[in-house]
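> Structure in structure tokens, see below.
Readers should treat all values here as calculations from the given coordinates under stated rules, not as data from a laboratory. Since the structure is predicted, the reported quantities are computational estimates derived from the model, not experimental observations. As a convention, Cβ positions derive from the backbone with ideal geometry for all residues, glycine included, and neighbour counts pool all protein chains shown.
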Amino acid sequence: MENSNPKVVKTSNITCRVGLDEQNVPVKIEWKADDSPDTPDFKESKAMLMAFFDKDYRDTYKIDLWTNELQVGEMNKFMYQTLRGLADTYFRATNNQEMANDMQKFVQYFGEKTEVTAPEE
């Protein structure tokens with residue numbers, strides 16, 4: 001979805017802070033968004049995924065972090081919800097209903113296999 005240089009009329013910051021232990025393993029993850037009235041202060045999380053598609057290199061850079069507090073069941077739910085959101089985002093960006101439906105089928109399969117959701121009947 002390329003746009004011909006729209007004028008920036010406002011900027012907003014999303015700040016992430018990661019506390020590390022002696023081995024540089026994340027033990028605390030916090031975030032805050034300037035424009036979010038629900039998060040005026042830093043909000044603590046157990047995991048985060050962040051991805052950027054580089055404008056010049058056309059490559060994806062990503063950061064995946066989680067604390068040792070995150071249980072496997074929580075990671076399953078986090079991934080299920082993230083995959084579901086990615087399928088929705090893909091549809092909104094491309095309007096490709098067929099591929100978005102196929103992605104949602106996988107999300108349902110993932111949810112059932114990890115017991116995040118009940119099997120569809």
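> What ranking do Met50, Met103 get, fewest neighbouring Cβ atoms within 10 angstrom at the top?
Lowest count first: Met50, Met103.
> Using only DSSP helix segments of four residues or longer, with each worth -39500 (n - 2.57), what per-residue ellipticity at 222 nm results for the chain after dividing by its residue count and rounding to 500?
Helix-only estimate at 222 nm: -11500 deg cm²/dmol.
> For the range 72-80, what does the Karplus curve 6.51 cos²θ - 1.76 cosθ + 1.60, with θ = phi - 60°, yield as ³J(HN,Hα) per residue in whole Hz, taken in order and with x for Gly and Pro?
The phi angles translate into 4, x, 5, 5, 4, 5, 4, 5, 4 Hz.
> Related question: If amide H atoms are built 1.01 Å from N in the plane of the peptide, which residues on other chains or at least 5 residues away come under 5 Å of the amide H of Lys28?
Gly19
> Further question: Could you tell me the relative contact order of the chain? Use alpha-carbon pairs under 8 Å, at least six residues apart, and round to a whole percent.
Worked out over the chain, it gives 15 percent.
> Can you list the HN-Hα couplings for the range 100-117, worked out from phi with the Karplus curve (6.51, -1.76, 1.60; θ = phi - 60°), rounded to whole Hz and with x for Gly and Pro?
My calculation for the range 100-117 gives 4, 5, 5, 5, 5, 4, 5, 4, 4, 4, 4, x, 5, 5, 8, 6, 7, 10 Hz in order.
> So, one more: When the chain is treated as a GNM, springs tying every alpha-carbon pair under 10 Å, which of Glu22, Glu44, Glu98 comes out with the largest mean-square fluctuation?
Maximum among the listed residues: Glu22.
> In whole Hz, with x marking every Gly and Pro, tabulate ³J(HN,Hα) for the range 44-51 from phi via Karplus 6.51 cos²θ - 1.76 cosθ + 1.60, θ = phi - 60°.
Rounded to whole hertz, the list is 7, 10, 9, 7, 8, 10, 9, 9.
> Please provide three numbers in whole Å: the alpha-carbon extents of the chain along the principal axes, with the largest listed first.
Dimensions of the chain along the principal axes of its Cα atoms: 45, 44, 32 Å.
> From the square roots a ≥ b ≥ c of the eigenvalues of the alpha-carbon gyration tensor of the range 12-69, which class results: rounded (a/c under 1.5), prolate (a/b over b/c), or oblate?
Taking the square roots of the gyration eigenvalues as a ≥ b ≥ c, the range 12-69 is oblate.
> Rank-order 70-81, 52-63 by packing density, defined as the average count of other C-beta atoms within 10 Å over each peptide's residues, highest first.
70-81, 52-63
> Place +1 on the Cβ of every Lys and Arg and -1 on the Cβ of every Asp and Glu in the chain, take the dipole about the Cα centre, and give the residue among Pro119, Leu83, Ser36 whose Cα lies farthest towards its positive end.
Of the candidates, Ser36 comes out farthest on the positive side.
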